[in-house]
Every structure is written in structure tokens, then in C-alpha cells.
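Here's the structure, in C-alpha cells; my notes come after.
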Amino acid sequence: MVFSSLLFIFGFLPMNLIALKLAPDNRVRNIILLVFSLVFYAWGEPRYVLLLLTMSLASWFFALQIDKSESSHGLRVLFMALECVVCLGLLGVFKYGTFFLTQVHLITGNTDPVIQIALPIGISFYTFQLLSYVIDVYRGEVKAQPRFMIVLLYASLFHQCIAGPIVRYADVERELIDRTYKQSDLNQGVMRFAFGLAKKVLLANNCGMFVDQLLVADGASDAAAALGSRSVLALWVGMLFYALQIYLDFSAYSDMAIGMGLMSGFHYKENFNYPYTAASVTDFWRRWHISLGSFFRDYVYIPLGGNRKGAARQIFNLFVVWALTGFWHGASWNFVLWGLYWFVFLVFEKFFLLEKLKKLPAFVSHIYLLFVVYFGWVLFKFDDLKLVGTTFKGMFGLNRNPFATTETATYISGILLFLLLAIFACTPIVKNLGRFFVKRAEFSDVETIAVSVGRIAIPTILLLISAISLVGETYNPFLYFRF
């Protein structure tokens with residue numbers, strides 16, 4: 001079940017909200033949320049609910065032991081190490097087991113079939129949440145939660161368990177126990193969910209279909225031949241649509257998660273801040289997937305020494321962080337290269353380029369950032385490095401491919417208006433206009449009424465249009481489910 005399905009929108013979510021509304025207190029609401037969350041997770045992979053339960057149980061137990069062993073540094077370190085072994089070990093087996101076995105077979109020349117280990121949905125996200133909880137207990141930043149049910153609820157909340165954002169226990173500790181339900185939060189949550197749903201269904205899904213048409217569909221048997229014959233124009237525009245798709249898709253998921261959190265009394269932090277408007281690579285990674293970036297900063301980069309131990313150590317620390325960031329996204333060499341690609345630019349900016357960019361006109365630094373991001377997505381898009389090479393060569397006509405074909409030019413001209421709309425949706429223009437009218441409403445009764453009507457009409461219209469688009473829709477992926 002995904003957020004952008006009719007079953008979820010008109011069945012699962014309303015039932016959950018009605019049950020929460022009828023519940024007499026937060027204790028019952030937590031039970032309701034936990035049941036719904038486990039059902040939601042089990043809907044796609046019932047056997048892996050046991051894995052989620054096991055990792056949550058281990059984290060709950062180790063955090064309690066760390067808290068109880070305050071006077072024994074050795075025991076605290078032991079239980080923290082056990083937490084890392086259990087959580088990272090299970091993540092390693094399920095996410096990277098097949099990859100490592102494949103590399104061993106390649107090195108040794110073993111021709112036996114490699115065991116294919118299925119990747120549990122959301123394991124990368126809830127593993128990091130549980131790790132951050134136990135680490136924060138170890139650091140003394142939060143107290144260990146005595147009730148296992150609360151830790152399990154924290155890890156499994158259906159709003160964000162499957163594809164983030166990565167929520168820190170410290171940020172929702174109070175709301176897990178004693179949260180209030182405000183009409184203003186409900187209204188804001190419905191609006192946020194509706195915008196996220198529309199962004200996903202109306203924009204991201206269509207971008208994805210155009211990517212498949214202009215580049216090649218994922219898993220296509222003739223991918224190399226198809227990419228090799230694509231025109232220069234098709235490859236450039238196709239990758240542009242992919243850049244738009246991956247932002248619109250993932251930020252839409254975060255929008256819907258944040259919106260549902262508000263409906264349920266939780267206030268999750270923002271996960272995106274219009275990254276394509278950034279002026280540097282450094283700025284981009286402060287705006288993109290903020291919860292993942294802050295996790296690696298707080299639990300890897302700073303513990304390694306951060307910026308405190310000289311230039312050589314800073315470079316090493318950044319190398320570790322970005323190698324891990326790339327590998328976190330998937331068990332494939334293209335993701336490792338993607339992470340190291342960003343490492344190179346971040347180091348270059350940190351020690352040389354960033355100060356120079358600040359002296360240039362804003363549009364120059366922005367264009368530089370967009371080109372860096374654009375080519376980075378080519379590495380991210382294709383698991384097969386041969387396809388990466390074919391795409392890069394084809395973008396510059398080195399596959400003996402034409403600059404354009406009549407068919408491609410006609411196709412692109414027909415979707416040009418949509419392309420402009422998708423680009424527009426990656427900017428804060430709509431958000432800024434909304435803020436402008438809300439501020440204006442303070443000075444005019446008519447405008448106040450218009451804003452009040454809009455708060456009801458806009459999400460209703462967006463939900464209806466999205467629902468109509470979903471009827472009979474077969475193309476409805478969430479890109480970040482794979483991570």
C-alpha cells in the first residue's frame with residue numbers, strides 16, 4: 001500500500017483518523033496508531049514485520065541497559081556496540097548481502113548462482129531511527145523509554161516508516177506520550193497532504209513516464225541498445241525529467257508524511273527546502289533530504305572529528321560520510337560513485353571554490369550547481385555502469401547518435417508546457433504567494449473570507465483531481481521505496 005493509492009486515501013487513512021478522533025485518550029490512540037502502522041507495513045511484506053519487531057525490541061532493551069549502567073562506562077559501551085552489531089548487521093545482511101556475495105563470486109570466479117536476498121521495505125529508514133535513539137540515550141541526550149510499545153510505535157509509524165523522513169526520537173518524545181490535537185494542525189495537515197499527493201500523482205508520475213519514453217524503462221532487456229540509439233536531445237531532456245521526478249516524488253512523500261503527522265498530533269521536521277534553488281553544492285545538501293544529511297553529520301562526521309582536526313582529517317571524514325551516503329542509497333557501485341562524486345565537489349568548495357562563488361553573480365553559482373546536480377543524477381539513475389557510460393557518451397553525440405529526430409522533437413514539443421509546470425513546482429513561488437495572501441488577509445475581511453474558503457476548497461480540489469488521475473493508473477511508483 002502506498003500513500004498515492006485510492007485504497008489508502010479513501011480507506012486506510014480516513015479509518016485511522018476516525019479511530020483516533022473517537023479514542024478517549026493518548027494511550028488508546030497510541031494503540032490504534034501502532035495497530036494501523038503494523039497493518040500498513042504488513043500489507044506489502046507481512047513476513048518482515050518480525051524483522052521490524054526484532055530490531056525495535058533489541059533497541060529498546062539495549063537503550064534500557066545503557067540507561068541502567070550509568071556508573072559503568074564499559075557496560076554502556078558494550079550495549080552500544082551490541083546495538084550497532086544487531087541493527088547494522090541485519091541491515092548489512094538484507095540490503096548488502098547479495099551485493100557482497102556477487103563481488104566474492106566475481107573475484108573468485110565462482111559461477112554458482114548468487115543467493116538473492118529480498119530487501120525489506122523501509123529498513124534503511126527505521127534502522128537509522130532506532131540507531132539514533134540508542135545513540136542519543138548513550139550520549140545522555142534522551143532518557144531510555146521504559147515501554148517497548150512506545151519504541152515500536154516510534155520505529156513503525158506508518159507516516160514515515162517506509163521512506164522517511166528519518167525522525168529523531170528526541171523530536172517526538174513528548175508527542176509519543178502526551179500530544180494534543182488542534183484543529184489548526186488538522187487543517188494544515190490536510191492541506192500539506194493534498195499538495196503532496198497532487199505533486200506525486202500529477203507531476204512526479206508523469207515525469208517518470210516521460211523519463212521512460214525519452215531514456216529507457218527500468219529493467220528493460222534492451223536498455224543498452226535503446227540508450228545507445230537515443231538522440232542527444234532525448235537524453236538531455238530525459239535526464240532533466242528524471243531530475244524533476246526524483247525531487248517531486250521524494251519531496252511529495254515527505255509532504256504527505258508531514259501532513260499525516262500533523263493530522264495525528266506529530267510535528268515532523270522539514271525534509272526538503274527547495275534544493276534546486278541552491279547556489280552551491282554545500283547549500284544543496286543543506287536543503288536535500290535534510291534528515292539523512294543531519295544523521296550522517298551528527299552520528300558519523302562529528303564523531304570522526306568533524307572540522308576540528310586539520311584539513312587532511314576533514315577530507316578523510318568527508319570521504320567516509322559520502323562513501324556511506326552513497327552506499328546507503330543502494331547496494332551498487334553506481335551509488336558509491338555517486339557519493340564520491342559529491343565528496344569531490346564538497347571538498348573542492350570547502351577549500352577553494354565556495355568563497356569565490358560568493359563573489360560571483362547569483363545566477364552564475366546557481367547554474368554551476370544545477371549542472372553538478374544534473375550530471376550527478378546520471379550516476380544515480382543507472383545501476384549498470386555501462387548504461388551510465390552510454391548515457392554520458394550519448395549526451396555529447398559520441399554514440400554516433402543524431403542530435404535530434406523528428407519523432408523526439410515532436411514528442412518534446414507536446415510536453416513542453418508540462419515541463420515548465422514541473423520546473424515551476426520545484427520553486428517556492430506558490431508557497432510565497434500563499435504567505436503573501438495570508439498576510440494580506442489580516443487587513444481585509446473579504447480577503448480573510450477568501451483565504452478561509454481556499455483552505456477548504458484547495459485541498460478538496462487537489463484530492464479530487466488526484467483521485468481521478470489514479471483511477472485506472474498503473475504507473476505509480478515511489479522511487480525511495482527501493483532504499
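When residues in segment 300-340 are screened for being out of contact with any helix residue (DSSP H, G or I) (no Cβ under 6 Å at 6 or more places or on another chain), open to solvent by less than 30 Å² (accessible area, probe 1.4 Å) and farther than 21 Å from residue 120 by Cα, 2 of them pass.
Yes or no, residue by residue, for (1) hydroxyl-bearing (Ser, Thr, Tyr); (2) outside the structural domain of residue 147 (by TED's automatic domain parsing); (3) modelled with pLDDT of 95 or more:
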residue: 34; (1), (2), (3): no, no, yes
residue: 45; (1), (2), (3): no, no, no
residue: 48; (1), (2), (3): yes, no, no
residue: 57; (1), (2), (3): no, no, yes
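For segment 84-91, indicate whether the set of residues that are in contact with a Pro (Cβ under 8 Å, 6 or more places away or on another chain), buried (at least 18 other Cβ atoms within 10 Å of the Cβ), closer than 27 Å to residue 326 by Cα and touching a residue at least 12 places away in the same chain (Cβ under 8 Å) is non-empty. No, segment 84-91 contains no residue that is in contact with a Pro (Cβ under 8 Å, 6 or more places away or on another chain), buried (at least 18 other Cβ atoms within 10 Å of the Cβ), closer than 27 Å to residue 326 by Cα and touching a residue at least 12 places away in the same chain (Cβ under 8 Å). Taken over segment 20-33, the residue count meeting the criterion of being open to solvent by less than 20 Å² (accessible area, probe 1.4 Å) and either among the hydrophobic types (A, V, I, L, M, F, W, C) or not in a helix (DSSP H, G or I) (or both) is 3.
The helices (runs of 4 or more DSSP H) found entirely in segment 231-305 that carry 3 or more residues being in contact with a Leu (Cβ under 9 Å, 6 or more places away or on another chain) are 232-263, 281-287. Where helices (runs of 4 or more DSSP H) sit wholly within segment 116-226, those with at least 2 residues that are in the same structural domain as residue 27 (by TED's automatic domain parsing) and open to solvent by less than 10 Å² (accessible area, probe 1.4 Å) occupy 123-139, 148-156, 169-177. For residue 387, the requirement of being farther than 14 Å from residue 233 by Cα, open to solvent by 70 Å² or more (accessible area, probe 1.4 Å) and either in contact with a Pro (Cβ under 7 Å, 6 or more places away or on another chain) or in contact (Cβ under 8 Å) with a residue 40 or more places away in the chain (or both) is not met. The set of residues from segment 351-375 being more than 22 Å from the chain's Cα centre (by Cα), surrounded by fewer than 17 Cβ atoms within 10 Å (Cβ to Cβ) and in a helix (DSSP H, G or I) comprises 351, 352, 355, 356, 358, 359, 362, 363, 364, 367.
The values are calculated or read from the model by the stated rules, or taken from the named source; none is laboratory data. The structure presented is a predicted model; accordingly, all values stated were derived computationally and were not measured. All Cβ positions, even for glycine, are placed from backbone atoms using ideal geometry, and neighbour counts span all protein chains on display. For accessibility, only protein heavy atoms count, side chains too; no ligands or nucleic acids. Shrake-Rupley method; radii C 1.70, N 1.55, O 1.52, S 1.80 Å.
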